[in-house]
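**Q** My questions all concern the structure below.
The values are calculated or read from the model by the stated rules, or taken from the named source; none is laboratory data. As the structure is a computational prediction, the values presented were derived from the model and not from experiment. Cβ sites come from the backbone with ideal geometry, for glycine too, and all protein chains shown count toward neighbours. Each accessible area value is taken on the protein alone, full model and side chains, heavy atoms only, with ligands, DNA and RNA left out. Shrake-Rupley method; radii C 1.70, N 1.55, O 1.52, S 1.80 Å.
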Amino acid sequence: MTVEYNAEQKIPYPALWHVLYRSSTPFWDGVKEDKLLLQKCKSCGSFLNPPRPMCPKCQSMEQEWVPATGKGKLYSWVTYQESPHPAFKAPYSAVLIELEEGVRIVSNMVKVKPEELQIGMPVQVTFEKVAEDLILPKFETMS
Amino acid sequence: MVEYVKGIPIMRPYIDQDNQAYWDAVKQHKLVLQHCHACDLYLHPPRPMCPSCNAQDTLEWKPSSGKGQIYSFVNFTTDRMAYPAFKLPYAVVLVELEEGVRLTGNTHQIHPDDIYVGMPVEIMFEDMDDDMTLYRFKKRDG
Amino acid sequence: MELYKEKTAIVGIGVVPFSTDIGRTEWYTACQAVKLAVDDAGLDMKRVDGLVKNVDDGPDQMYVQKGLGMDNLTYTAESHWGTSPMMNAITAVASGSVNYAVYYQTAHRASGPEKSISDFRVAREMREDLLDLIRADFYTPFGLIGQPGYVGMTIRRYMHEFNVTPEQMGWVPVVCSENAARNTEAVFFDKSITIQDYINSKVVVDPIRELDCAPKVDGSIAIIVTTLENAKSLRHPPAIIMAATQGTSSEGQFFTSYMRDTITELPEMQFVADELYRVAGIGAKDVKVAQLDDSFAPLVPMQLEALGFCDRGEGAAFCEGGDRIRNGGQLPLNTAGGALGQGRFDSARIVEAVRQVRGTSANQVKDADMVLSVSGAGGPADGLILRRQ
Ligand SMILES: [Zn+2]
Ligand SMILES: [Zn+2]
């Protein structure tokens, strides 16, 4: 199923504003244009996920943002029987997707019931406008 | 003396079990001080254990005369360093009570320029609103 | 040669009885725990010269000093996770900077924030939500919120990779409840539960059940570390520190280290194990009792694997039936009832390790001459091995 929200409650937004951590801003700028971008080390080519100011493999501080294919597999998931936050209607699932590029991201599935979830199932990204000013990258079963 | 700017809330004391009796008394316009009866020792600020004998059940509350002398003081004169609820200039005094402990507070009808170390003062109480009472210090005859 | 090895010991423990509403401020119980520990050691308060604590827990050193009346501390420190401040205490003593270091952990997590001195608790929770920015950017917008959910993602994968059944996951809670039922100090479990009770336990965040999660509790504990030399004049035989360490690993994220090649092992705990056994010069088979981090019970099998008590993927099978992890079994676990029985309170594991070494546990293991205690199954880990004199 698709996660349902309580309209009168604010969904927790990404903390882009914070002075300590702006590394993820390009990711969320990409999402606004229906693009799934990944941070990549310019020096050694490693994907950096979550985004960060320095590559842990080569300590380079030069990065670039490259588009992901948006395809991947379901790596793990949890299903909330009770909602931990008033914006989310329980039950709903949070999923961990392993992208083709080898990195994993947390997201939600759209139009899949929790009992249909299976580790390893192929998925692809889709973009859902969940609030007037918030688009989230979500995943659907690969058609 | 201190005057307040209307509309800006004064920061309230944080009241918990360790200082509840102190602020309850202030509300009734009384000053009480924490005292260890085993050591005959006055303690301020209130705390959960006597630092001299490490007992927790020997602590009691004793009425204070509220009289003392100014031990030190500061005058707030510019808004850069002051909380905006207080009209400038104002003084904060450190008063050594007859019991030996020191309290911070504001003054009543004493111009900051007239304050001096050793000035004899006594406590008075002021109801700020329905559920907050504070104290300040006024001149007394030495 | 590690300076601290066989040169330092735990000589005092102070435990304010756990409660779901302790009815006092954190300031009060912090002072109380240190006093209890100092009395337990048979020490003069004025000789304590070091105070260490967890960053997020309880009143700071200047506050407790106002009650304890120590004049001169030559050493204070804060460390972040688990029982990692023990390393501050141990290394400070071993270096000679401090004679008697006290680690105090005070947190009233079960009762309201109004019960604590100033706003420590509020600060603690704000910090968790706001300052973990990776979490705020990449987890919460998708409703992955709260530790049961974080842990569940790892546990689903673990159960998938190693064909673990929910029933196998239930034996740690069952055995902890049995131990807790025999320990009058444990707040939870008046009587033990059965595996069926576990299976019937409410699923909170699938695959995590209510009985997988250690309840919050109000507690306050103090632990005193000194040199073996100083220990000679104190009341109890020392619990000698054979080895102690912290362990971290790259790509760590509190309870959510999802980006590693595999998420079904605990590299931090693996580092702790390697270092502890290397320094102590012993192996997993020499450990007679273990106090593992059961804040979330399904993480215990992964700890058993990391600590070398069984092979990878066999942790849940190791616990199955409960006999191996009961008193009398191959490796008695969490003999005071664990976090599941006593409430989630990391330093309680070290207290129980000391009691096993002293021979005063409510579930005393015979010949408990070497005891292990670890914390931090969800991220940065730490641990120690104690032995009898
Ligand atoms: Zn690189
Ligand atoms: Zn006293």
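**Q** Considering only region C:82-98, I want to know if a residue exists there that is surrounded by fewer than 19 Cβ atoms within 10 Å (Cβ to Cβ) and either of a type in the set (V, I, T) or touching a helix residue (DSSP H, G or I) at 6+ places or on another chain (Cβ under 8 Å) (or both). Walk me through it before giving the result.
**A** Start the filter on region C:82-98 by keeping residues that are surrounded by fewer than 19 Cβ atoms within 10 Å (Cβ to Cβ), which leaves C:95-97.
Next, from what is left, pick out any that are either of a type in the set (V, I, T) or touching a helix residue (DSSP H, G or I) at 6+ places or on another chain (Cβ under 8 Å) (or both): none.
Checking region C:82-98: not a single residue is surrounded by fewer than 19 Cβ atoms within 10 Å (Cβ to Cβ) and either of a type in the set (V, I, T) or touching a helix residue (DSSP H, G or I) at 6+ places or on another chain (Cβ under 8 Å) (or both).
**Q** Something else: Kindly list, by first and then second residue, each pair from a residue in region B:31-44 that is closer than 12 Å to B:L97 by Cβ to a residue that is of a type in the set (G, A, S) and away from ligand 1 (no atom under 16 Å from the Cβ), limited to pairs with Cβ atoms under 6 Å and residues at least 6 apart or on different chains.
**A** Final answer for the pair search is B:L31/B:S64; B:L31/B:G66; B:V32/B:A25; B:L33/B:S64; B:Y42/B:G100.
**Q** Continuing with the same structure: Restricting attention to region C:270-285, does a residue exist that is farther than 22 Å from C:A362 by Cα and within 14 Å of chain A (Cβ to nearest Cβ)? Write out each step before concluding.
**A** Residues of region C:270-285 that are farther than 22 Å from C:A362 by Cα, as a first pass: C:270-285.
Checking which are within 14 Å of chain A (Cβ to nearest Cβ) leaves us with none.
No: zero hits.
**Q** Take the residues in region B:118-139 that are modelled with pLDDT of 95 or more and outside any strand (DSSP E or B); name whichever of them is least open to solvent (accessible area, probe 1.4 Å).
**A** Ranking the qualifying residues of region B:118-139, first place goes to B:M119.
**Q** A follow-up question, please. Please give the number of the condition A:Y75 fails out of (1) touching a residue at least 40 places away in the same chain (Cβ under 8 Å); (2) closer than 21 Å to C:S257 by Cα; (3) assigned to a loop (DSSP other than H, G, I, E, B).
**A** All conditions pass for A:Y75, except number (3).
**Q** When residues of region C:189-225 are filtered for being more than 13 Å from every other protein chain (Cβ to nearest Cβ), over 24 Å from the mean Cα position of the chain (by Cα) and charged (D, E, K, R), how many remain?
**A** 1
**Q** Ok, one more. Let me confirm something: among C:L331, C:L340, which residue is more than 16 Å from C:D212 (Cβ to Cβ) and either open to solvent by less than 10 Å² (accessible area, probe 1.4 Å) or part of a loop (DSSP other than H, G, I, E, B) (or both)?
**A** C:L331
**Q** Would a scan of region B:52-74 turn up a residue that is in contact with a His (Cβ under 9 Å, 6 or more places away or on another chain), among the hydroxyl-bearing types (S, T, Y) and not in a strand (DSSP E or B)?
**A** Looking through region B:52-74, at least one residue is in contact with a His (Cβ under 9 Å, 6 or more places away or on another chain), among the hydroxyl-bearing types (S, T, Y) and not in a strand (DSSP E or B).
**Q** Let me ask you something else. Considering only residues that are assigned to a loop (DSSP other than H, G, I, E, B), touching a strand residue (DSSP E or B) at 6+ places or on another chain (Cβ under 7 Å) and farther than 14 Å from C:Y100 by Cβ, which ones fall in region C:8-58?
**A** Within region C:8-58, C:T20, C:D21, C:I22, C:V55, C:D57, C:G58 qualify.
**Q** Right, something else. Given the residues A:E98, A:E115, which is the only one that is on the phi < 0 side of the Ramachandran plot, open to solvent by 20 Å² or more (accessible area, probe 1.4 Å) and part of a helix (DSSP H, G or I)?
**A** Testing whether each residue is on the phi < 0 side of the Ramachandran plot, open to solvent by 20 Å² or more (accessible area, probe 1.4 Å) and part of a helix (DSSP H, G or I) leaves just A:E115.
**Q** Oh, and also: Exactly one condition in (1) more than 16 Å from ligand 1 (Cβ to nearest atom); (2) assigned to a loop (DSSP other than H, G, I, E, B); (3) at the interface with chain C (Cβ under 10 Å from one of its Cβ atoms) is false for A:D34; which is it?
**A** In the conditions (1) more than 16 Å from ligand 1 (Cβ to nearest atom); (2) assigned to a loop (DSSP other than H, G, I, E, B); (3) at the interface with chain C (Cβ under 10 Å from one of its Cβ atoms), A:D34 misses (3) alone.
**Q** Out of the residues in region C:6-31 meeting the condition of being more than 22 Å from C:R387 (Cβ to Cβ) and hydroxyl-bearing (S, T, Y), tell me which one is nearest to the other protein chains (Cβ to nearest Cβ).
**A** C:Y28
**Q** Right, here's the next one. Of the conditions (1) in contact with a helix residue (DSSP H, G or I) (Cβ under 8 Å, 6 or more places away or on another chain); (2) crowded, with 17+ Cβ neighbours inside 10 Å, C:E78 satisfies every one except a single condition; which number is it?
**A** (2)
**Q** For residues that are in contact with a strand residue (DSSP E or B) (Cβ under 8 Å, 6 or more places away or on another chain) and in a loop (DSSP other than H, G, I, E, B), scanning just region C:171-196, find the one that is least open to solvent (accessible area, probe 1.4 Å).
**A** Ranking the candidates gives C:A186 first.
**Q** On to the next question. Of the residues that sit in region B:1-29 and are under 27 Å from B:L59 (Cβ atoms) and touching a helix residue (DSSP H, G or I) at 6+ places or on another chain (Cβ under 9 Å), which one is most open to solvent (accessible area, probe 1.4 Å)?
**A** Top of the filtered list is B:Q17.
**Q** Condition first: open to solvent by 70 Å² or more (accessible area, probe 1.4 Å) and within 14 Å of another protein chain (Cβ to nearest Cβ). Now tell me which residues in region A:61-79 satisfy that.
**A** Selection gives A:K73 alone.
**Q** Quick check on region A:38-60. Is at least one of its residues outside any loop (DSSP other than H, G, I, E, B), within 11 Å of chain C (Cβ to nearest Cβ) and in contact with a helix residue (DSSP H, G or I) (Cβ under 9 Å, 6 or more places away or on another chain)?
**A** Among the residues of region A:38-60, not one is outside any loop (DSSP other than H, G, I, E, B), within 11 Å of chain C (Cβ to nearest Cβ) and in contact with a helix residue (DSSP H, G or I) (Cβ under 9 Å, 6 or more places away or on another chain), which makes the answer no.
**Q** Which residues, counting only those in region B:40-61, are of a type outside the set (D, E) and near ligand 2 (Cβ under 9 Å from one of its atoms)? Steps first, answer last, please.
**A** As a first pass, look at region B:40-61 and keep what is of a type outside the set (D, E): B:41-56, B:58-59, B:61.
B:L41, B:L43, B:M49, B:C50, B:P51, B:S52, B:C53, B:N54, B:A55, B:T58, B:L59 - these are the residues of region B:40-61 that are of a type outside the set (D, E) and near ligand 2 (Cβ under 9 Å from one of its atoms).
**Q** Hey, another quick one. When the residues of region A:118-135 are filtered to those that are part of a loop (DSSP other than H, G, I, E, B) and out of contact with any strand residue (DSSP E or B) (no Cβ under 7 Å at 6 or more places or on another chain), which remaining residue is farthest from the other protein chains (Cβ to nearest Cβ)?
**A** So, considering only residues that are part of a loop (DSSP other than H, G, I, E, B) and out of contact with any strand residue (DSSP E or B) (no Cβ under 7 Å at 6 or more places or on another chain), the one farthest from the other protein chains (Cβ to nearest Cβ) is A:E132.
**Q** Tell me, which residue of region B:14-39 that is aliphatic (A, V, I, L, M) and more than 21 Å from C:T29 (Cα to Cα) is nearest to ligand 2 (Cβ to nearest atom)?
**A** For region B:14-39, the residue satisfying everything is B:L33.
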